[in-house]
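Just so you know, all these numbers are worked out from the coordinates, no wet-lab data involved. Just so it is clear, the model here is predicted, and its values are computed rather than measured. Here the Cβ positions follow ideal geometry from the backbone for every residue, glycine too, while neighbour counts run over all protein chains shown.
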């Protein structure tokens, strides 16, 4: 179990370190350009900033130009309002990545300012569409945006499976429901792990050893 979560953290770190112009993602919207493979000055400002909302938690890093590319990819599919961009990302990553309005709307405004998107008034809302210039920029960075969305989708699927096993969703969404006795153990384990958050290193190491031994026996079919 420890190795599983360490592997997840390692994959996250390596993924974000491969992209230049990275910035820590936390709560609250700050300036920064969205998704892109190239280091650049997004939104007409610094190329580092923070993304707010339900983003990569725990100081995860993401390129400041990446969000712009992802938004352009969504606009290429169809014109969208800002909230539709957020909803699309949330759905495609199983809730793993949903940028805050404080990041999406400034990004859309910036894309309009540099000629990569146009906007039309739709009642009290603004609907954005990609321009020829925006499409050309997206085409030039297609491999980058596909790689990022592929990784976000993969991480979302992994986190969804974790939620199914350790969260309440599991009883309703997991294929092949657990037997009552195994479900009871799952719930006890979930609550036990919550009590170990912030525990001393020695205690966490003790729990990890016990879990590794138990997992080894389960994998080997030992009783």
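Using a ≥ b ≥ c from the Cα gyration tensor of the stretch 182-223 (square roots of the eigenvalues), is it rounded, prolate or oblate, where a/c under 1.5 gives rounded and otherwise the larger of a/b and b/c decides, a/b for prolate? Since a/c reaches 1.5 but b/c is at least a/b, the shape of the stretch 182-223 is classed as oblate. Using the average count of surrounding beta-carbon atoms within 10 Å as a protection proxy, the listed peptides 99-106, 71-78, 123-130, 145-152 rank, highest first, as 99-106, 71-78, 145-152, 123-130.
As a proxy for reagent exposure, 97, 83 were ordered by neighbouring Cβ count within 10 angstrom, fewest first; the result is 83, 97.
How high is the relative contact order of the stretch 63-114, in percent, counting Cα pairs under 8 Å that sit 6 or more residues apart?
Working: 27 pairs, mean separation 18.3, N = 52.
With pairs under 8 Å counted, the relative contact order is 35 percent.
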